[in-house]
Every structure is written in C-alpha cells, then in structure tokens.
1. In this structure, is residue 55 assigned to a loop (DSSP other than H, G, I, E, B), at pLDDT 70 or above and of a type in the set (Ser, Thr, Tyr)?
2. May I ask you to list the residues in the stretch 10-38 that are among the charged types (D, E, K, R) and at pLDDT below 90?
3. What are the residue pairs meeting all of these: first residue in the stretch 13-34, first residue part of a helix (DSSP H, G or I), second residue of a type in the set (Ser, Thr, Tyr), Cβ atoms under 9 Å, and 6 or more apart or on different chains?
Amino acid sequence: MERTGRPEDIAALAAFFASDESGFITGQSLRADGGVLDHQPMFADELGREPINATVSEPS
C-alpha cells in the first residue's frame, strides 16, 4: 500500500469482528498492517537472487 494506516482501518476491522458477518471466523489472527509484514526486504527480495555460497568449517 502507498499510504499509512489510519484509525478508521482498525475500526473497520473491529466492526467486522463485532458483526454477525464474522460469525464463522474462530481462532484467527488477522493483521491490519497494509501488507507491511508480508514484504520484508531482507527476506522477500532475497528469494529472486542466487543463493550465497557459505562454507561451514569444522572446529579443529
């Protein structure tokens, strides 16, 4: 998303959970973060790169 979250975004999620429409949802954890945690550059951007060749040496 190209914007910062607003209090109305959290209020809409809270209103949904309080409504009858959420009656079939049980035991779930939903993030209202605009997808921020779904795109962590340190992980997501590395998926398209060649793996880093690291060697592990045995202790002597």
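The values are calculated or read from the model by the stated rules, or taken from the named source; none is laboratory data. Since the model is a prediction, treat every value here as computed from it, not as a measurement. Cβ coordinates were reconstructed from backbone atoms using ideal geometry, including for glycine residues, and neighbour counts include every protein chain displayed.
1. Here the answer is no, as residue 55 does not meet what is asked.
2. The answer is 31, 33, 38.
3. As it stands, the answer is 16/22, since those pairs meet every condition given.
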